[in-house]
């Protein structure tokens, strides 16, 4: 059976891939990290669309039967263009699943969203949350340094904790008013810093991300019986083919952190877009 394609600007999307492999263990995947041009979050919308189309075109050449856009910035900017370019396959982003997870988690419907500069400025998460609940109160802030910290593996310790507090203290300072009860991690890099982020917010705040919800959406779309234990193939463990546009050694090092298992540089195929 043809593989499912997944792409991100770098290795952050591996959090989504890990969730996909958990709910669809028999599926084959092909993952592309556009490491030569990361981060997408500081690029213009037009540039992100162009890069995303190039990534999708490359994956289509491998015969994928579904495309997962495991990048919040690309999901916010390029999803419509990707669906127009590739109408024959499902194209699934992380924005709507992430918004759904936040709305489901929040008792007060007062939700904070953090992401890259491009994702937050575009307002995609804010709009998606309000489509689900027009009465929801949403505050959002860019936290671009989290991407660099995650890529370097500096996910815990004094530096990561200090940056988290610098970003998040203004969002959760009460000032006499009610603060959000849910924080949505609107970037696939950010779950790597979940421990440091958790220390920077009040204990009652629920921290959610889109990885698990996106995986469930993909499984339903592909008829994989997510959560049912149903096997699509023959009970084997599905394979992953690894593609990157630069830096196989760096990809393997940082990717191992996000994926939760060891990647070897020799397994990474470098391609030119």
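Read the figures in this text as sums done on the coordinates, not as results from a lab. Given the structure is predicted, the values throughout are model-derived calculations rather than measurements. In this analysis, Cβ positions are derived from the backbone assuming ideal geometry, glycine residues included, and neighbour counts consider all displayed protein chains.
Quick look at the values:
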{"read-out": "Exposure proxy ranking, count of Cβ atoms within 10 Å, fewest first, for 125, 51", "value": "51, 125"}
{"read-out": "Peptides 210-220, 85-95 ordered by average Cβ neighbours within 10 Å, highest first", "value": "210-220, 85-95"}
{"read-out": "Full-extension gain in nm, residue 148 to residue 161, via 0.36 nm per residue minus C-alpha separation", "value": "3.3 nm"}
{"read-out": "Rel. contact order, % - alpha carbon contacts under 8 angstrom, at least six apart, the chain", "value": "27 percent"}
{"read-out": "Label selected from (1) 7, 31, 37, 20, 5, 0; (2) 6, 21, 25, 22, 16, 8, 2, 0; (3) 6, 28, 34, 23, 8, 1, the criterion being P(r) over Cα pairs in 10 Å bins from 0, in percent as computed here", "value": "(1)"}
{"read-out": "Linear extension gain, residue 83 paired with residue 2, 0.36 nm per residue minus alpha-carbon span", "value": "27.3 nm"}
{"read-out": "Added length on full extension, which subtracts the Cα-Cα distance from 0.36 nm per residue, residue 54 to residue 273", "value": "78.2 nm"}
{"read-out": "FRET efficiency estimate (nearest 0.05) - Cβ-Cβ, residue 173 to residue 131, R0 30 angstrom", "value": "0.60"}
{"read-out": "Within segment 10-52, backbone nitrogen closer than 18 Å to the virtual label 7 Å beyond the Cα of residue 194 toward Cβ", "value": "11-24"}
{"read-out": "Spacing of the two label points (7 Å from each Cα toward its C-beta) at residue 139 and residue 44, in nm", "value": "3.3 nm"}
